[in-house]
Structures are given as C-alpha cells and as structure tokens.
Amino acid sequence: MGAKIKKGDLVEVISGATQERGGYKGKQGHVLEVIKDSDRVIVEGVNYVKKHVRQGQSSRGTNEGGIETHEAPIHISNVALVDPKTKKPTRVGFRVEEVEKNGVKKTVRVRYAKKSGKDL
C-alpha cells in the first residue's frame, strides 16, 4: 500500500493547542522523516524539545554539548497534507492511471488531494 504522507510533503498540524496557547495547531511545515514502526512523523518547525547533551570533545578539540533544541516526532494522525491549490489541509486519495513510456503501458498509483482533485 502507498503511503499517504511521505518525506518532503507539506503538512499542517490539525490537533493540539493553538499557537496563541503555545501549541502548534495550524502550523505548516515539511516532513523531515517518517517513522513507520510507531506511525510518527518529524515536521520542520513543529514540536520543539530541548535536549541536554553531555559535554565532550570532538576530534578537533572543540567542546560539544549543552542544551540543544530540535524537533520531536508527533503522531501521523495529528497532521494533514496541505492542498497545493487552496493551501489548506486535505485528505489524500489514490487514483490508478495508465502511463505509456517508450511504448510500454504501466499502471501507476497517483496521490491526489480530495478537496481540489489536484495531483500531489
């Protein structure tokens, strides 16, 4: 089965606290990574967490460590793909099309936005 959300897709957070209340609802960002086994995605600019990294030395002798901020995964059900036409969240559908390339016919599954019908 094809994936509805893939790496590089533009998605919007559709659940949780609003941005006025310190949450990420309504924020859009690109998917950096999809974690299939736990059904989670890492979205650029969403769900920032601080991680305390132990101080150490790299091979060049520079000190590394301190407090780093980076994105943490969120569940895939809390994000929706953004429609390229309306720039609003939409559901994803699949359409089977026949494509002819170099005289060879091939059936291909194409993702499309359910709201506008536009290919993704």
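Near LYS85, within a Cβ-to-Cβ distance under 11 Å, what is the net charge of the other residues, with Lys and Arg +1 and Asp and Glu -1?
On the way: positive: LYS87, LYS88, LYS115, LYS118; negative: ASP83, ASP119.
Counting the neighbours of LYS85, the net charge comes to +2.
Could you work out the percent of alpha carbon pairs in the chain separated by over 23 Å, rounded to a whole number? Walk me through the numbers before you get to the answer.
Values: 3345 of 7140 pairs.
The calculated P(r) of the chain puts 47 percent of pairs beyond 23 Å.
Quick check for me: using +1 on Lys/Arg Cβ and -1 on Asp/Glu Cβ, what's the dipole size of region 1-55 about its Cα centre, in debye to the nearest 20? Don't skip to the end; give the middle numbers.
Details: 11 positive and 7 negative charges, 44 e Å.
Computed charge dipole of region 1-55: roughly 220 debye.
Using a Förster distance of 35 Å, how high is the FRET efficiency between THR107 and SER15, based on the Cβ-Cβ distance and rounded to 0.05? List each step's numbers first, then the result.
Working: r = 35 Å, r/R0 = 1.01.
It comes to 0.50.
Got a sec? How would ASP9, ASP37 order by Cβ neighbour count within 10 Å, fewest to most? Could the numbers behind the result be given before it?
Values: ASP9 20, ASP37 5.
So the ranking, lowest neighbour count to highest, is ASP37, ASP9.
Please report the relative contact order for the chain, taking Cα pairs under 8 Å with a sequence separation of at least 6, and give it as a percent rounded to a whole number. Walk me through the numbers on the way to the answer.
Values: 229 pairs, mean separation 23.8, N = 120.
Reported relative contact order: 20 percent.
What is the magnitude of the charge dipole of the chain about its Cα centre, with +1 placed on the Cβ of each Lys and Arg, -1 on the Cβ of each Asp and Glu, and no other charges, expressed in debye to the nearest 20?
Working: 25 positive and 15 negative charges, 81 e Å.
Here the size comes out at about 400 debye.
Each value in this text was obtained by applying a stated rule to the coordinates, not by laboratory testing. Remember, predicted model here, so these are calculated numbers, not experimental data. As a convention, Cβ positions derive from the backbone with ideal geometry for all residues, glycine included, and neighbour counts pool all protein chains shown.
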